[in-house]
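The values are calculated or read from the model by the stated rules, or taken from the named source; none is laboratory data. Predicted model only: the values in this text are computed from it and were never measured. Please note: Cβ atoms are built from the backbone with ideal geometry, for glycine as well, and neighbour counts cover all protein chains shown. For accessibility, only protein heavy atoms count, side chains too; no ligands or nucleic acids. Shrake-Rupley method; radii C 1.70, N 1.55, O 1.52, S 1.80 Å.
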Amino acid sequence: MANVKRLYFHPCLPAHRYSVQPGCGFLDPAYEQATGWLHPGADYNGRGGGDTDLGDPVYAVTDGTVVEVGFFKVWGNLILIHHEGPGVWTLSAHCDQVLVQAGQRVRSGQQIGTIGKGDTRVKKPYRAHLHFEVRLFGPERIPINDWPTATFKNRRDKALVEILHTRVDPERWLEKMHALPVLPGRGLSRGRGRRSRRLEERPPAH
C-alpha cells in the first residue's frame with residue numbers, strides 16, 4: 001500500500017497572526033519566575049494582544065480521535081485529541097467554544113473550537129489565548145486537566161521530570177512535523193468560529 005502523506009497544521013491559523021506569548025513557552029524560565037509554576041505547554045495569542053483573538057478558530061493539528069472534552073475549574077473548556085499517526089495526544093485549553101465531542105474523528109485542519117479565556121467565573125480570568133500541549137501519553141496516564149506543579153506540590157524536581165517524560169515542546173514538535181501555516185485554499189482568511197453550545201454552562205467536572 002502506498003504511503004499517504006499526513007498533513008499537519010498549526011493550531012491557530014493563519015500562523016503568522018499568532019505567536020507564543022513572551023514568557024509563556026514550554027518550560028519557559030520567565031513563566032516560572034512570574035508564577036511559580038512550570039509551564040507544560042505553549043500559550044498562543046493573537047499578535048494584537050489582549051483579547052483580540054477571543055473567539056478565533058482552534059484547529060486540529062492532524063488527523064485523530066477526540067478522546068475527551070470537558071469544563072474544568074480555572075482551565076475552562078479542554079479538548080484532548082489522540083493522533084494515532086504520530087502517536088501523541090494534543091490538548092487545547094481555555095477554549096471559549098467546543099465544536100467536537102468525545103469519540104469523534106477529526107481531520108487535519110478541522111476546526112475543533114474557539115480561543116477563550118478559561119474559567120471566566122474566577123476572580124481574574126485569563127486574557128484570551130490558547131494553551132496547547134503535546135503529550136506522549138493519554139488520559140489513563142495523564143488526566144486531561146493535569147498540571148504537574150500542582151500534582152507534585154512543593155516537589156519541583158519531580159514535576160520537571162514528569163513534564164520531560166510525558167510531554168514535548170509544542171513549537172519544536174510542530175516544526176519537526178513541518179506544520180503548515182495556512183489552510184489549503186484559504187490564504188490569509190480568518191473566519192470566526194460558528195456559535196455552539198457552551199460547555200462552561202455545565203458545572204465543573206470533579
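Screening residue 79 with (1) in a loop (DSSP other than H, G, I, E, B); (2) within 13 Å of residue 133 (Cβ to Cβ) gives one miss only, at (1).
Filtering 188, 183, 136, 130 for residues that are at pLDDT 90 or above and surrounded by fewer than 16 Cβ atoms within 10 Å (Cβ to Cβ) leaves a single hit, 136.
Each row is one residue, and each column tells you yes or no for (1) part of a helix (DSSP H, G or I); (2) at positive phi; (3) touching a residue at least 24 places away in the same chain (Cβ under 8 Å); (4) touching a Lys or Arg at 6+ places or on another chain (Cβ under 6 Å).
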site: 130; (1), (2), (3), (4): no, no, yes, no
site: 137; (1), (2), (3), (4): no, no, yes, no
site: 149; (1), (2), (3), (4): yes, no, yes, no
site: 161; (1), (2), (3), (4): yes, no, no, no
site: 165; (1), (2), (3), (4): yes, no, yes, no
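Can you pull out the residues in the range 77-86 that are within 13 Å of the chain's Cα centre (by Cα) and either among the acidic types (Asp, Glu) or open to solvent by less than 10 Å² (accessible area, probe 1.4 Å) (or both)? Matches in the range 77-86: 77, 78, 79, 80, 81. Given the structure, is residue 89 more than 18 Å from residue 13 (Cβ to Cβ) and open to solvent by less than 40 Å² (accessible area, probe 1.4 Å)? Yes. Of everything in the range 48-76 that is without any contact (Cβ under 8 Å) to a residue 60 or more places away in the chain and crowded, with 22+ Cβ neighbours inside 10 Å, the residue that is nearest to residue 22 (Cα to Cα) is 60. Taking (1) in contact with a Pro (Cβ under 8 Å, 6 or more places away or on another chain); (2) outside any loop (DSSP other than H, G, I, E, B) in turn, residue 109 satisfies each apart from (2).
Return yes or no: is residue 101 at pLDDT 95 or above, within 30 Å of residue 7 (Cβ to Cβ) and surrounded by fewer than 16 Cβ atoms within 10 Å (Cβ to Cβ)?
On the way: at pLDDT 95 or above: yes; within 30 Å of residue 7 (Cβ to Cβ): yes; surrounded by fewer than 16 Cβ atoms within 10 Å (Cβ to Cβ): yes.
For residue 101, the condition - at pLDDT 95 or above, within 30 Å of residue 7 (Cβ to Cβ) and surrounded by fewer than 16 Cβ atoms within 10 Å (Cβ to Cβ) - is met.
For the range 20-40, indicate whether the set of residues that are assigned to a strand (DSSP E or B), closer than 26 Å to residue 178 by Cα and open to solvent by less than 10 Å² (accessible area, probe 1.4 Å) is non-empty. So far as the range 20-40 goes, no, none of its residues is assigned to a strand (DSSP E or B), closer than 26 Å to residue 178 by Cα and open to solvent by less than 10 Å² (accessible area, probe 1.4 Å).
Before we move on, is residue 14 within 13 Å of the chain's Cα centre (by Cα) and open to solvent by less than 20 Å² (accessible area, probe 1.4 Å)? For residue 14, the condition - within 13 Å of the chain's Cα centre (by Cα) and open to solvent by less than 20 Å² (accessible area, probe 1.4 Å) - is not met. One residue stands out in the range 104-122 among those that are open to solvent by less than 50 Å² (accessible area, probe 1.4 Å) and among the charged types (D, E, K, R): the one that is nearest to the chain's Cα centre (by Cα), namely 117.
Assess whether residue 45 counts as being open to solvent by less than 10 Å² (accessible area, probe 1.4 Å) and touching a residue at least 40 places away in the same chain (Cβ under 8 Å). Write out each step before concluding.
Details: open to solvent by less than 10 Å² (accessible area, probe 1.4 Å): no; touching a residue at least 40 places away in the same chain (Cβ under 8 Å): yes.
Considered against the rule, which asks whether it is open to solvent by less than 10 Å² (accessible area, probe 1.4 Å) and touching a residue at least 40 places away in the same chain (Cβ under 8 Å), residue 45 comes out as no.
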